[in-house]
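Notes follow the structure.
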Amino acid sequence: MDTIRRNWTKRVAEIRAAARYCRAYESSTGNMADIDPARAFAAWAANPRATLSEDVPGQKWTVHVHSNSFYILTTTDPAQRRTAARPARATTARPVRSATEDAVLQEAREYIKDAPGIGARTAAAATAAIGHRVQSGTLVPDHLTEALPRMAAAVTAKAVADMRAQGLTHEQIRQRFERKKAEALHAGNARRATVADAMLTVHAGIVADEERKAPPVTGPAPELESAAPELGPAPEARFPTATASAPAIYVGVPVPALVRNRWCSELADGWRLGIRTALANS
């Protein structure tokens with residue numbers, strides 16, 4: 001990998017002319033998107049710390065701004081290369097499991113036993129993540145494939161439980177998984193990126209299960225409402241309420257009873273926006 005200096009104007013011009021395709025990492029979705037190559041060069045020119053490196057001479061280059069912002073430039077369409085490199089799916093019957101495969105499956109069963117409780121949405125998310133890999137051809141089905149969803153759920157549940165014990169919120173955990181995926185993509189490590197992506201999917205299932213299990217808040221209305229009759233009718237008359245369906249925890253932050261009692265109101269919309277904004281800027 002060679003770093004292209006900014007004063008190598010002729011070399012840069014040659015790369016601009018050769019690079020016909022560009023894929024950019026989107027931190028908001030964690031995916032790569034096809035964009036105009038000119039945007040990559042514009043980002044490189046605008047940021048003095050950005051680097052332009054040649055990965056494959058005359059064929060592939062990378063503009064790296066930071067861990068959550070990078071661009072991959074190529075002379076050929078990457079979609080065609082992925083299709084050509086995709087392995088053919090096996091059509092023959094699978095052979096009998098080997099002793100090594102049996103040992104791996106037994107070890108997986110023992111590992112799963114020690115995992116925190118895995119809810120229905122966590123299990124469904126893990127199954128969907130592994131199924132997507134099989135359908136896309138990045139994972140070839142074999143005797144171990146059927147155990148992978150439970151393994152993915154168990155590994156992610158243990159990792160999330162450990163980070164929660166350290167005081168991290170679910171939003172911070174999600175950002176950590178996204179950072180791991182971005183770093184793996186930048187390093188060209190497709191296997192690590194696939195694992196991080198699967199853990200992101202399973203983590204979303206864990207959050208959904210936790211919100212589903214959260215008990216509804218019961219009890220008298222907050223004193224604020226009874227102490228301010230001049231504000232107008234009672235809260236239930238002015239705002240649609242959804243205490244029973246409102247979560248006790250939203251993106252890792254406890255939901256105040258006042259907001260839960262008005263979960264479908266503009267008050268709750270503003271509170272949720274404030275929490276997301278604060279987490280995004282933290």
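The values are calculated or read from the model by the stated rules, or taken from the named source; none is laboratory data. This is a predicted model, so every value here is computed, not measured. Methodologically, a virtual Cβ is constructed for each residue, glycine included, from the backbone with ideal geometry; neighbour enumeration extends over all protein chains shown.
Computed values, structure above
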item	result
Lone qualifier among Leu273, Leu258 - being modelled with pLDDT of 55 or more, in contact with a helix residue (DSSP H, G or I) (Cβ under 8 Å, 6 or more places away or on another chain) and not in a loop (DSSP other than H, G, I, E, B)	Leu258
Segment 1-50, residues that are within 15 Å of Ser67 (Cα to Cα) and more than 25 Å from the chain's Cα centre (by Cα)	Trp44, Asn47, Arg49
Scope segment 168-194; condition surrounded by 19 or more Cβ atoms within 10 Å (Cβ to Cβ) and hydrophobic (A, V, I, L, M, F, W, C); matching residues	Ile173, Phe177, Ala182, Leu185, Ala193
Breaking point among (1) exposed (fewer than 13 other Cβ atoms within 10 Å of the Cβ); (2) at pLDDT below 85; (3) not hydrophobic (A, V, I, L, M, F, W, C), for Glu101	(1)
Scope segment 5-32; condition of a type in the set (A, V, I, L, M) and in a loop (DSSP other than H, G, I, E, B); matching residues	Ala19
Qualifying residue in segment 166-179 (condition: farther than 21 Å from Ile275 by Cβ, assigned to a helix (DSSP H, G or I) and not assigned by TED's automatic domain parsing to the domain that holds Val251)	no
Pick from segment 158-183, criterion within 13 Å of the chain's Cα centre (by Cα) and among the hydrophobic types (A, V, I, L, M, F, W, C), ranking: nearest to Ala129 (Cα to Cα)	Phe177
Tabulated pairs, segment 112-135, first assigned by TED's automatic domain parsing to the domain that holds Ala147, second surrounded by fewer than 19 Cβ atoms within 10 Å (Cβ to Cβ) and among the basic types (Lys, Arg), C-beta under 8 angstrom, 6+ apart or interchain	Asp114/Lys158; Ala115/Lys158; Pro116/Lys158; Gly119/Arg212; Gly119/Lys213; Arg121/Arg212
Selection count where residues are buried (at least 17 other Cβ atoms within 10 Å of the Cβ) and part of a strand (DSSP E or B), scope segment 33-59	2
Candidate set from segment 144-167 (those that are free of Cβ contacts under 8 Å to residues at least 12 places away in the same chain and surrounded by fewer than 17 Cβ atoms within 10 Å (Cβ to Cβ)); member that is farthest from Phe70 (Cα to Cα)	Glu146
